[in-house]
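The structure under discussion appears below in the form of structure tokens.
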Amino acid sequence: MDNMLALVCKTFDGVKGLEKYDKDGIIDKISGVHGLGRSVGKFLDGRFTVFCLENLRPFYGDVIIDDPQRKLILHRPRFPGGESHPGFLDFAINMIHLDRAHLRFLTVSVHGLRETLFSHLQVYKNRTDIQSALPLIKDGVVSLDGGLLRPNGSFCLGRSKNLEVKFVVTTDVSSLPENVAEMEEQVKHKNWEKEMVLEYMKREEDLLKQVKELYRKQKQELMDYVTQPAVTQVCIHEQFIPFRT
């Protein structure tokens with residue numbers, strides 16, 4: 001449940017900006033998110049979870065193109081015989097409704113929020129379903145009655161008194177901007193153009209180095225000739241005077 005209440009940062013610089021420390025490693029309570037809390041009369045005690053999108057392994061599968069929420073194409077977990085568990089509801093990643101502003105978000109690697117922030121967390125009806133579906137679970141699972149199994153295989157038992165999580169019920173009204181697909185294509189095209197420009201710049205830099213080296217050699221040869229003693233120059237010149245009868 002602790003990972004269901006977390007801060008999300010786009011980059012690691014954002015994570016570093018949340019909390020500052022003095023030379024002894026003590027948290028600076030007047031800067032970062034702690035300072036923000038103090039400004040509104042709230043004080044942060046204990047630990048809190050932060051996700052950094054640029055450090056998360058993205059989902060490399062496909063998305064449902066005609067889905068306004070751009071849900072991921074994930075297959076239901078099945079037993080070796082091919083049947084699925086009746087208590088399986090869906091993957092949590094596809095049960096979360098994203099606001100329009102978040103649908104527009106893209107990482108540097110051109111992945112959306114749904115493709116980076118969430119993993120293959122499964123959702124079942126109750127704890128009993130979790131126990132009977134253990135062979136199908138790899139990346140953690142939650143149930144509607146509060147069951148929780150972490151990816152490392154540890155169970156969370158008992159009841160939390162100080163933590164309350166509520167999920168807002170949403171309608172299926174489309175919140176996908178019409179130009180999201182076009183924006184993604186533009187980003188990919190810009191990244192391609194950037195790579196082409198970098199390659200062109202590298203070729204030009206290599207060519208410039210060659211020209212500079214050639215110029216340096218010719219300049220040195222000219223300077224060597226100009227700085228030769230005058231007698232030597234005269235002798236060299238007289239060697240080429242044509243003989244006349």
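Among what's in segment 2-36 and is basic (Lys, Arg) and within 25 Å of Val108 (Cα to Cα), pick the residue that is surrounded by the most Cβ atoms within 10 Å (Cβ to Cβ).
If we filter segment 2-36 for residues that are basic (Lys, Arg), which is where we start, we get 10, 16, 20, 23, 29.
From what's left, within 25 Å of Val108 (Cα to Cα): 10, 16.
Values: Lys10: 15, Lys16: 12.
Within segment 2-36, the match that is surrounded by the most Cβ atoms within 10 Å (Cβ to Cβ) is Lys10.
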key: The lone exception for Leu44 - which of (1) in contact with a Gly (Cβ under 8 Å, 6 or more places away or on another chain); (2) closer than 25 Å to Met183 by Cβ; (3) not assigned by TED's automatic domain parsing to the domain that holds Pro135 it fails   = (2)
request  = Please go through segment 37-63 and pick out each residue that is loosely packed, with under 13 Cβ neighbours inside 10 Å and closer than 26 Å to Thr116 by Cβ.
outcome  = Arg47, Thr49, Asn55, Arg57, Tyr60, Gly61, Asp62
request  = Could you please tell me which pairs satisfy a Cβ distance under 6 Å, a separation of 6+ or placement on different chains, a first residue in segment 136-155 that is touching a residue at least 12 places away in the same chain (Cβ under 8 Å) and surrounded by 12 or more Cβ atoms within 10 Å (Cβ to Cβ), and a second residue that is charged (D, E, K, R) and assigned to a strand (DSSP E or B)?
outcome  = none
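Results for (1) closer than 28 Å to Ala92 by Cα; (2) of a type in the set (D, E, K, R); (3) in contact with a strand residue (DSSP E or B) (Cβ under 7 Å, 6 or more places away or on another chain); (4) part of a helix (DSSP H, G or I), shown as yes or no for each residue.
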site: Leu7; (1), (2), (3), (4): yes, no, yes, no
site: Lys23; (1), (2), (3), (4): no, yes, no, no
site: Ile30; (1), (2), (3), (4): no, no, no, no
site: Gly35; (1), (2), (3), (4): no, no, no, yes
site: Gly41; (1), (2), (3), (4): no, no, no, no
site: Gly46; (1), (2), (3), (4): yes, no, no, no
site: Phe51; (1), (2), (3), (4): yes, no, yes, no
site: Pro58; (1), (2), (3), (4): yes, no, no, no
site: Gly61; (1), (2), (3), (4): yes, no, yes, no
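The values are calculated or read from the model by the stated rules, or taken from the named source; none is laboratory data. All figures in this text were calculated on a predicted structure; none of them were measured in a lab. Heads up, the Cβs are rebuilt from the backbone with ideal geometry, glycines too, and the neighbour counts pull from every protein chain shown.
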